[in-house]
Amino acid sequence: NFGKGQPETEKMECGPERIHSVDIDSSHFGYGPVNGTPEMRQAVADHYNRLYRTGKKPYTAENVAIAQGGRLMLSRLFRVLQGRMGYQTPDYAGYQELFDSAHRDLDPVHISTTEDSAFAVTPGRFAEVAQDLDSFMCSNPCNPTGHLIEGEELSSYCHTARSTDCLLVMDEFYSHFIYKDSIDGSDCGGVSAAQHVVDPNSDPVLVIDGMTKSFRYPGWRLAWAVGPPELIKAIGCAGSALDGGPSTVSQCMALKALEVDYMQSETRALRDTFTQKRDMMYSRLTRMGFRCLPCDATFYMWCCLESLPEPLNTCMGFF
């Protein structure tokens, strides 16, 4: 099934026990707040503050929106945004599908990439194209190339967003699948644009993540967006019309997954397990004749077929 990319969901060696239950009371029988419960929104804000905002202005619950899954969060966002939105290829294929149901005044602008830049829009090129965009969206780490934007490059992206007022939307669902010795974010965190935001209430930077990949609970269907309160309120308004709000029970489960000790243990086990998988996949594919990008992150391997024997050296022949 090439339609969904799902990590293994069972307990990993040296990882914490999986969360199988949660206690609820009658307050969870009714509808919850459209943008998420106050407890869940604050827990997400605390998560980002601890990992990425030490010594900086913190996020609060007002900077966080909760939705029932990443696609739904993107659907809300695309109903809110207008104007010219840049996107690159290759990137998450779902973006282009979601453009079909976006606000009629949202104009997708395709930005091509090449292998020389690891199939990514470089910071310099982003600074150029942002002059003519209202927003720009990409996944980081990138699905499907495994390319990672971090450090000074990621800081440059955020600087450009501030200087041009081009909203930078970073899909960070693979933010903890990092296979490098040195990463942005301490204390077993990942890589996030949140580290390079100056003012959480005014910087035009929106981060999207959730329970699906880094926490390995795709069945909970829970995602969040972290950004300026004005945009978060608009996302909530869109949710009132589109979906009515996320499950309060899923949010209770997610609160347990965001506890510090649990998150740290899960992330360490995830990196140990998937580093081995990445290394084995890279070695085997290379020996088979594929040319592969290094894959600094995610659990995908981006490969070139041109060195394989015919007819396997083209995508149509291979599949």
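Would you work out if the range 1-74 is rounded, prolate or oblate? Take a ≥ b ≥ c from the square roots of the eigenvalues of the alpha-carbon gyration tensor; rounded if a/c is under 1.5, else prolate when a/b is larger than b/c, oblate otherwise. Don't skip to the answer; put the middle values down first.
On the way: a/c = 1.44, a/b = 1.18, b/c = 1.23.
Rounded, since a/c falls under 1.5.
Rolling a 1.4 Å sphere over the protein heavy atoms, what is the accessible area per residue of the chain, to the nearest Å²? Don't skip to the end; give the middle numbers.
Details: 14620 Å² over 319 residues.
Using a 1.4 Å probe on heavy atoms only, each residue of the chain averages 46 Å².
Looking at the calculated P(r) for the range 91-187, what percent of the C-alpha pair distances fall above 15 Å? Present the calculation step by step, with values, prior to reporting the outcome.
Working: 2989 of 4656 pairs.
Counting pairs separated by more than 15 Å, the tail of P(r) holds 64 percent.
Within the P(r) computed for the range 188-319, what percentage of the Cα pairs occupies the region above 17 Å?
Numbers: 6244 of 8646 pairs.
In whole percent, the share of Cα-Cα pairs in the range 188-319 beyond 17 Å is 72.
Only Cα pairs under 8 Å and at least 6 apart count here; give the relative contact order of the range 233-319 as a rounded whole percent.
Details: 46 pairs, mean separation 11.7, N = 87.
Result for the range 233-319 is 13 percent.
At a Cα cut-off below 24 Å, give the lysines reachable from Lys180, other chains included and same-chain residues fewer than 8 away excluded.
Candidates past the 8-residue exclusion: Lys11, Lys213, Lys277.
For the chain, what relative contact order do you get, as a whole percent, if you take Cα pairs closer than 8 Å and at least 6 residues apart? Please list the in-between numbers first.
Working: 595 pairs, mean separation 78.2, N = 319.
Rounded, it is 25 percent for the chain.
Say R0 is 30 Å: what FRET efficiency, to the nearest 0.05, do Gln96 and Met280 get from their beta-carbon distance? Could the numbers behind the result be given before it?
On the way: r = 32 Å, r/R0 = 1.05.
About 0.40, to the nearest 0.05.
Per Stokes-Einstein, at 37 °C and 0.692 mPa s, what whole-number D in µm² s⁻¹ belongs to the chain, with the Kirkwood radius over Cα pairs as the hydrodynamic radius? All intermediate terms of the calculation are to be shown ahead of the outcome.
On the way: Rh = 20.2 Å.
Once the numbers are plugged in, D ends up at 162 µm²/s.
Give the relative contact order (percent, whole number) for the range 266-311; include only Cα pairs under 8 Å separated by 6+ residues.
On the way: 32 pairs, mean separation 13.7, N = 46.
Across the range 266-311, relative contact order equals 30 percent.
Would you please classify the overall shape of the range 243-316 from the alpha carbon gyration tensor, given that a ≥ b ≥ c denote the square roots of the eigenvalues, rounded means a/c under 1.5, and beyond that prolate means a/b larger than b/c while oblate covers the rest? Show your work: numbers first, answer last.
Details: a/c = 5.27, a/b = 2.07, b/c = 2.54.
Oblate, because a/c is 1.5 or more while a/b does not exceed b/c.
By DSSP, what percent of the beta bridges with both residues in the chain are antiparallel, rounded to the nearest 5? Before the final figure, lay out the partial values.
Numbers: 11 of 30 bridges.
Just about 35 percent of them are antiparallel.
What net charge do the residues around Tyr217 carry, taking every other residue with its C-beta under 11 Å from that of Tyr217, with Lys and Arg at +1 and Asp and Glu at -1?
Values: positive: Arg18, Lys213, Arg216, Arg221, Lys256; negative: Glu266.
Its environment carries a net charge of +4.
Would you mind telling me the share, in percent, of accessible area of the chain contributed by carbon and sulfur at probe 1.4 angstrom?
Details: 7460 of 14620 Å².
Carbon-and-sulfur percentage of accessible area, whole number: 51.
How long is the gain from Arg268 to Glu310 if the chain were fully straight, where each residue apart is worth 0.36 nm and the alpha carbon distance is subtracted?
On the way: separation 42, 0.36 × 42 = 15.12 nm, distance 4.17 nm.
That pair, Arg268 and Glu310, stretches by 11.0 nm at full extension.
Divide by every residue of the chain the summed helix terms, -39500 (n - 2.57) for each DSSP H run of at least 4, and state the resulting mean residue ellipticity at 222 nm, rounded to the nearest 500 deg cm²/dmol.
Numbers: 9 runs with 110 residues, N = 319.
Calculated from helices alone, the mean residue ellipticity at 222 nm is -11000 deg cm²/dmol.
The values are calculated or read from the model by the stated rules, or taken from the named source; none is laboratory data. For clarity, every value in this text was computed on a predicted model and none was experimentally measured. Neighbour counts run over all protein chains shown; Cβ positions are idealised from the backbone, glycine included. In case anyone asks, the SASA skips ligands and DNA or RNA and just uses the protein heavy atoms, side chains included. Shrake-Rupley method; radii C 1.70, N 1.55, O 1.52, S 1.80 Å.
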